[in-house]
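Only one structure is covered here, and it is reproduced in the block below.
The values are calculated or read from the model by the stated rules, or taken from the named source; none is laboratory data. Please read all numbers here as calculations on a predicted model, not as lab measurements. A quick note on method: Cβ atoms are made from the backbone with ideal geometry, for glycine too, and the neighbour counts reach across all protein chains shown.
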Amino acid sequence: MGMFFLLSKLLYYLIMPALWLVLLLLLAWRSRVPRRQQRWLRAAAILALVGTNPGLSNEAMRAWEIPPVKLSQLPAQADAAVLLTGVAEDKLPHDRVYLGRGADRLTHTLWLYRAGRVKRILITGGSGSLLETARTEARELDILLRMSGVPKEHILLEENSRNTRENALFTKALLAQYPEIKSLVLVASAFHHRRALGCFQRLGLHPVPFPADYRSERRKPTPDYWIIPSPNALVQWSLLLHEVLGWSMYKVLGYA
């Protein structure tokens, strides 16, 4: 899994539209043939127009993310919520927990627990960093849940996984020690839920999906939604392309 982990990190950067835009401009700048230079510039212009259009990127993300699930659609009370990490950030000093975008994965899980919709919380996730960190991401979220009043005995930690397939594999192994846990609610980012749910289902686990961390926004009936370029659109395209590629690779490999 180590090589797979490194390749996934590398591919994330290789498919970034911003990187391709810079490469196209560099190729145009270095080209000595006017016709070829015009082709590079034309390609860069098309990529810039599409890549920075917030309406296009948002519509694409809206089509990919799975729809929200109402609380009324959940079981009356599931045995556990499975929370995928990727929320905590590795920042200094290490005397506190830092949350990045997607923190509502944690807050929604806490909401489910406080509302009595789940009995326990299982946090799955080691470190997503290439370097060693002081604490795993699961441990970071465990700190916040316990500070929020969730008893230690109601939290299960899986701290070895480094990707979505391992989240499912190691979660299944951990659940083998708790045969009383049968019904699950899976809390993951909406854009990532297809891949996450597929991995769990492939291993015979069939959690109820509960997506959070939506990266798309409501469609706006204003001209700027389609006209005004936005650098955030490039970020959204990068995230979406990375996830679609990751989901496709998992399908080919039989992971999801």
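Could you list, in sequence order, the residues of the stretch 109-128 that are surrounded by fewer than 17 Cβ atoms within 10 Å (Cβ to Cβ) and in contact with a strand residue (DSSP E or B) (Cβ under 7 Å, 6 or more places away or on another chain)?
Lys119
Taking the conditions exactly as written (in contact with a Gly (Cβ under 7 Å, 6 or more places away or on another chain), in contact (Cβ under 8 Å) with a residue 60 or more places away in the chain and within 30 Å of Leu112 (Cβ to Cβ)), does Leu84 satisfy them or not?
Judged against the criteria, Leu84 is a match.
Just checking, how many residues over the stretch 190-215 are touching a Phe, Trp or Tyr at 6+ places or on another chain (Cβ under 7 Å), surrounded by 21 or more Cβ atoms within 10 Å (Cβ to Cβ) and of a type in the set (D, E, K, R)?
3
Test of understanding: among Arg218, Arg146, Arg162, which residue is surrounded by fewer than 15 Cβ atoms within 10 Å (Cβ to Cβ), at pLDDT below 95, among the charged types (D, E, K, R) and outside the structural domain of Ser238 (by TED's automatic domain parsing)?
Arg218
Answer yes or no: is there a residue in the stretch 37-50 that is in contact with a strand residue (DSSP E or B) (Cβ under 8 Å, 6 or more places away or on another chain) and buried (at least 16 other Cβ atoms within 10 Å of the Cβ). Break it down into steps so the answer makes sense when it comes.
Going residue by residue through the stretch 37-50, those that are in contact with a strand residue (DSSP E or B) (Cβ under 8 Å, 6 or more places away or on another chain) are none.
Among the residues of the stretch 37-50, not one is in contact with a strand residue (DSSP E or B) (Cβ under 8 Å, 6 or more places away or on another chain) and buried (at least 16 other Cβ atoms within 10 Å of the Cβ), which makes the answer no.
Of everything in the stretch 78-88 that's out of contact with any Lys or Arg (no Cβ under 6 Å at 6 or more places or on another chain) and part of a loop (DSSP other than H, G, I, E, B), which residue is surrounded by the fewest Cβ atoms within 10 Å (Cβ to Cβ)?
Gly86
Is it the case, given these coordinates, that Leu239 is in a strand (DSSP E or B) and not polar (S, T, N, Q)?
For Leu239, the condition - in a strand (DSSP E or B) and not polar (S, T, N, Q) - is not met.
Which of the residues belonging to the stretch 240-249 are buried (at least 19 other Cβ atoms within 10 Å of the Cβ) and either free of Cβ contacts under 8 Å to residues at least 60 places away in the same chain or not assigned by TED's automatic domain parsing to the domain that holds Ala60 (or both)?
Trp247
Of the residues Leu6, Leu49, Leu41, Leu24, which single one is at pLDDT 95 or above and more than 21 Å from Gln236 (Cβ to Cβ)?
Residue meeting the stated conditions: Leu41.
If I filter the stretch 79-99 down to residues being of a type in the set (Val, Ile, Thr) and under 14 Å from Ile143 (Cα atoms), which single residue comes out as modelled with the highest pLDDT? Give the derivation first.
Of all residues in the stretch 79-99, those of a type in the set (Val, Ile, Thr) come to 82, 85, 87, 97.
Okay, now just the ones that are also under 14 Å from Ile143 (Cα atoms), so 85, 87, 97.
On the way: Thr85: 95, Val87: 89, Val97: 92.
Selected residue: Thr85.
Could you list all residues from the stretch 22-69 that are closer than 15 Å to Arg218 by Cα, in a helix (DSSP H, G or I) and of a type outside the set (Gly, Ala, Ser)?
Pro54, Leu56, Asn58, Glu59, Met61, Arg62, Trp64, listed by residue number.
How many residues are surrounded by 12 or more Cβ atoms within 10 Å (Cβ to Cβ) and either assigned to a loop (DSSP other than H, G, I, E, B) or at positive phi (or both) if we restrict to the stretch 221-236?
Residues that pass the stated criteria total 3.
Among (1) more than 28 Å from Gln201 (Cβ to Cβ); (2) at pLDDT below 95, where does Gly102 come up short?
Against the list (1) more than 28 Å from Gln201 (Cβ to Cβ); (2) at pLDDT below 95, Gly102 comes up short only on (1).
If Met61 meets every condition in (1) at pLDDT 95 or above; (2) under 30 Å from Arg139 (Cα atoms) apart from one, which number is that one?
Met61 satisfies all of (1) at pLDDT 95 or above; (2) under 30 Å from Arg139 (Cα atoms) except (2).
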